[in-house]
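Student: Pasting a structure below so you can have a look.
The values are calculated or read from the model by the stated rules, or taken from the named source; none is laboratory data. All figures in this text were calculated on a predicted structure; none of them were measured in a lab. No Cβ is skipped: glycine too gets one built from the backbone with ideal geometry, and neighbour counts run over all protein chains shown.
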């Protein structure tokens, strides 16, 4: 009987501690401040530029007279996603990458309009920088944005280099029960915060080989996604996309693209399965598509196997791009 009472006491203490942890998380005590994340993540060559209601974190590197490449990151990431690929390109190419709201260090006081809003932001950035023609690198939802922009502005785009591209709403993903339990806890109990171990687990399940995941990637993922108020903005962004993009998909936009397209696809991606690569090739019916498959890569080729995928990207650009018209940096 004494043992049972002790066991009950220990269970009660454990549940009390768990409740306290969840309450303090929900109260925002665990979230890193914007200022601390800014200090950690916005070193040189980062700058901040204002476009309407948005303050945009941007990096503009490489020779100003080189062919221009604009990089568009995926959902829940930021311009850090492109670190290695930028290093592989910036000796010859001018590489412009930025955090688009609601992600990273960029902020926007206006309600999100989803991917169409990112297209408008890209329009404003290249106009301000007087960039006449450029190639776009995009991954996941950033690749969808790239497709939407190329469809609307064929006169501006020289080439598209895309990876793990959704042209319609992604199918349901088969994640582990542990992962889904953490998502449930976030959505129902702590909607403003995810702990580091969640990001480590989530990214590991998105990689083809989890041992390739680095501590650095987990850290910037954790910091930038837990900035106070960020998750509410993300929910607005997702809701806007349901109406503006996923209700009809981007297949018609892909069919209007006329410039060369590179698709780099991780066949072990649990979010966008391998068969969607073949579907995408067919939907880009008006142009030539070069498809490179990576059998053991997951959703993030540029993070999981950065050097090898960057080498393939650079080789494709070197043979595909003619010098693009560029202007002076802003």
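Student: If you check residue 224 against the conditions, is it closer than 28 Å to residue 109 by Cα and either in contact with a strand residue (DSSP E or B) (Cβ under 9 Å, 6 or more places away or on another chain) or in a helix (DSSP H, G or I) (or both)?
Tutor: So residue 224 fits the description; yes.
Student: Looking for whichever is loosely packed, with under 15 Cβ neighbours inside 10 Å and in contact with a helix residue (DSSP H, G or I) (Cβ under 6 Å, 6 or more places away or on another chain) here; the options are 159, 169. Which one fits?
Tutor: 169
Student: Same structure again: If the requirement is being assigned by TED's automatic domain parsing to the domain that holds residue 55, surrounded by fewer than 24 Cβ atoms within 10 Å (Cβ to Cβ), under 19 Å from residue 317 (Cβ atoms) and in contact with a strand residue (DSSP E or B) (Cβ under 6 Å, 6 or more places away or on another chain), which of these qualifies: 137, 126, 131?
Tutor: Criteria check complete, one pass: 131.
Student: Out of (1) in contact with a strand residue (DSSP E or B) (Cβ under 7 Å, 6 or more places away or on another chain); (2) free of Cβ contacts under 8 Å to residues at least 12 places away in the same chain, what's the single condition that is false for residue 261?
Tutor: Every listed condition holds for residue 261 apart from (2).
Student: In the range 4-17, is there at least one residue being outside the structural domain of residue 142 (by TED's automatic domain parsing), within 23 Å of residue 226 (Cβ to Cβ) and surrounded by fewer than 18 Cβ atoms within 10 Å (Cβ to Cβ)?
Tutor: Within the range 4-17, one or more residues are outside the structural domain of residue 142 (by TED's automatic domain parsing), within 23 Å of residue 226 (Cβ to Cβ) and surrounded by fewer than 18 Cβ atoms within 10 Å (Cβ to Cβ).
Student: Tally the residues that are crowded, with 22+ Cβ neighbours inside 10 Å and part of a helix (DSSP H, G or I), restricting the search to the range 242-271.
Tutor: Looking only at that region, the number is 2.
Student: So, in the range 38-63, how many residues would count as being in contact with a helix residue (DSSP H, G or I) (Cβ under 8 Å, 6 or more places away or on another chain) and in a strand (DSSP E or B)?
Tutor: 8
Student: May I ask you to say which residue of 104, 114 is under 15 Å from the mean Cα position of the chain (by Cα), touching a residue at least 24 places away in the same chain (Cβ under 8 Å), surrounded by fewer than 22 Cβ atoms within 10 Å (Cβ to Cβ) and more than 16 Å from residue 156 (Cα to Cα)?
Tutor: None of the others qualify; the one that does is 114.
Student: Further, regarding this structure: Considering (1) assigned by TED's automatic domain parsing to the domain that holds residue 145; (2) over 30 Å from residue 89 (Cβ atoms), say which one residue 211 fails and leave the rest.
Tutor: Condition (2) is where residue 211 drops out.
Student: So for the range 24-31 (the condition being out of contact with any strand residue (DSSP E or B) (no Cβ under 8 Å at 6 or more places or on another chain) and on the phi > 0 side of the Ramachandran plot), does at least one residue qualify?
Tutor: yes
Student: Taking only the range 66-79 into account, find how many residues are farther than 15 Å from residue 136 by Cβ and in contact with a strand residue (DSSP E or B) (Cβ under 8 Å, 6 or more places away or on another chain).
Tutor: 2
Student: Of everything in the range 119-169 that's in a loop (DSSP other than H, G, I, E, B) and free of Cβ contacts under 8 Å to residues at least 60 places away in the same chain, which residue is farthest from residue 102 (Cα to Cα)?
Tutor: 155
Student: Spot the failing condition for residue 329; the list is (1) surrounded by fewer than 17 Cβ atoms within 10 Å (Cβ to Cβ); (2) at pLDDT 95 or above, and only one is missed.
Tutor: That leaves (2) as the condition not met.
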